[in-house]
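The values are calculated or read from the model by the stated rules, or taken from the named source; none is laboratory data. The structure presented is a predicted model; accordingly, all values stated were derived computationally and were not measured. Positions of Cβ are backbone-derived with ideal geometry, glycine not excepted, and every protein chain shown enters the neighbour counts.
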């Protein structure tokens with residue numbers, strides 16, 4: 001479990017369900033959205049028929065916060081890109097190294 005701090009918000013990365021690297025909004029500012037899965041617990045510890053024990057909420061960041069999040073979640077150490085946008089360049093670099 002790790003925490004990240006963005007401006008005045010600290011986020012437990014274990015609760016991040018999805019990230020949208022949205023690019024720029026209409027005003028030209030970078031925009032990133034995080035889908036946070038907030039655990040909910042039943043008031044009574046009875047078996048619930050529902051298996052949805054999370055409440056989901058999108059949190060939107062713009063400007064420098066969005067740039068920092070985009071850099072963090074685009075980092076090779078944090079995310080493995082299964083479908084690189086520059087696929088041809090990576091394939092040619094791989095063939096040059098072999």
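In table form, for the structure just shown:
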{"item": "Which listed residue, of 55, 46, is at pLDDT below 85 and exposed (fewer than 11 other Cβ atoms within 10 Å of the Cβ)", "result": "46"}
{"item": "Strands (runs of 3 or more DSSP E) contained in the range 1-42 and holding at least 3 residues touching a helix residue (DSSP H, G or I) at 6+ places or on another chain (Cβ under 6 Å), in contact (Cβ under 8 Å) with a residue 12 or more places away in the chain and surrounded by 14 or more Cβ atoms within 10 Å (Cβ to Cβ)", "result": "30-39"}
